[in-house]
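Accompanying notes for the structure given below.
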Amino acid sequence: MTASSGISIRGVSKVYGQGERATTALAPIDLDIEPGEFVAIVGPSGCGKSTLLRLITGLVPRTGGELTVFGKSVTAPVTDIGIVFQQPILLEWRNVLENVLFQIDMRGLDRARYLPKAMELLKAVGLEDFADRRPYELSGGMRQRASIARGLVHEPPLLMMDEPFGALDALTREQMRIDLERLWMETRKTVVFITHSIDEAVLLADRVVVMSPRPGRIETIMTIDIPRPRGLGARKDPRFVAATDAITEIFLERGVFSAGGHG
Ligand SMILES: Nc1ncnc2c1ncn2[C@@H]1O[C@H](COP(=O)(O)OP(=O)(O)OP(=O)(O)O)[C@@H](O)[C@H]1O
Ligand SMILES: [Mg+2]
């Protein structure tokens, strides 16, 4: 790849605060993400995952290093981007369709032009029959689906997801994972997906970035070449087992887990 076409992270670090209260959230890290690639970032709580996402999106300034997104140095919030947060923040007074279109309104784009896209995305996330419902009429999983549709409606080339399934029950989470893979296979956006779940990272990503406890560093980057769609069956794939074992081993060594049972 050329450094200009995707995301290029060179020696990027982040220290919050100053003096005695300074917190090094991210040690200098290097990472390249190719256009159309699905990258998952997995690591323990507080290792700087959300910080890295905020740096890439330009929501907070980096302390050091070089960071380019689509060839441009990040110096202000990147606009060509969709963000899905852990909590689906929906406007209660807007129905589902209007919540998706909020993205368009906020950007001053033409609603009429994006209406078909909004409907198409609601269909893709299984909410076409709920377009005129208010958020309080939806389940947690449905709310998260609506927020994913909102994150994609302006057709951003880059989708940043910060533990988007963190608040969901295990069954819904598995379904969302399968649906997200399908959506990604159809659209081939560049995706940066943050998660605490080793399984989820390995099942979704082309590459998994494994981070170590604070101050966050990249421990290793693992290429996952399980064929897609991975669906439910991939959990039995020896490559899934090998990758999740290897990541678990790293977390054991770093004290994120302590071994019990049969180890
Ligand atoms: N605005 C801030 N001001 C000061 N310190 C912060 C700020 N945001 C994060 N930190 C610190 O930076 C470190 C990394 O935080 P960050 O939110 O990036 O972690 P994380 O990996 O996303 O954790 P989690 O998995 O719990 O979401 C933590 O020690 C946190 O206390
Ligand atoms: Mg976080």
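No lab work stands behind these numbers, since they all come straight from the coordinates. All values derive from a computational prediction rather than experimental measurement. Cβ sites come from the backbone with ideal geometry, for glycine too, and all protein chains shown count toward neighbours.
When each full DSSP H helix of the chain is screened for a Cα extent of at least 15 Å along its own axis and an average Kyte-Doolittle hydropathy of at least 0.5, the helices passing are 96-106, 238-253. Extension gain, THR75 to GLN18, is 18.4 nm, computed as 0.36 nm per intervening residue step minus the present C-alpha separation. Sorted largest first, the principal axis extents computed over the alpha-carbon atoms of the range 93-214 equal 44, 29, 29 Å. Once the Cα-Cα distance is subtracted from the 0.36 nm per residue extended length, the GLU92 to ASP245 segment shows a gain of 50.8 nm. Across the chain, Cα-Cα pairs farther apart than 22 Å form 57% of the total.
Summing -39500 (n - 2.57) over the DSSP H runs of n ≥ 4 in the chain and dividing by its residue number, what mean residue ellipticity at 222 nm do you reach, to the nearest 500 deg cm²/dmol? Display every interim value, and only then the final one.
On the way: 7 runs with 87 residues, N = 263.
Helix-only estimate at 222 nm: -10500 deg cm²/dmol.
Please grab the % of Cα pairs in the range 91-156 that end up more than 19 Å from each other. Walk me through the numbers on the way to the answer.
Values: 412 of 2145 pairs.
That fraction is 19 percent.
Scaling the Cα radius of gyration of the range 176-248 by the globular reference 2.2 N^0.38 Å produces a ratio of 1.10.
Exposed loop sites here are chymotrypsin sites (Phe, Trp or Tyr not before Pro) assigned a DSSP state other than H, G, I, E or B and surrounded by at most 15 other beta carbons within 10 Å; excluding them, the longest clear run of the chain is 94-256. The calculated FRET efficiency for SER45 paired with SER139, based on their beta-carbon distance and R0 = 35 Å, is about 0.85. With a Förster radius of 30 Å applied to the beta-carbon distance between ARG113 and LEU232, the computed FRET efficiency rounds to 0.20.
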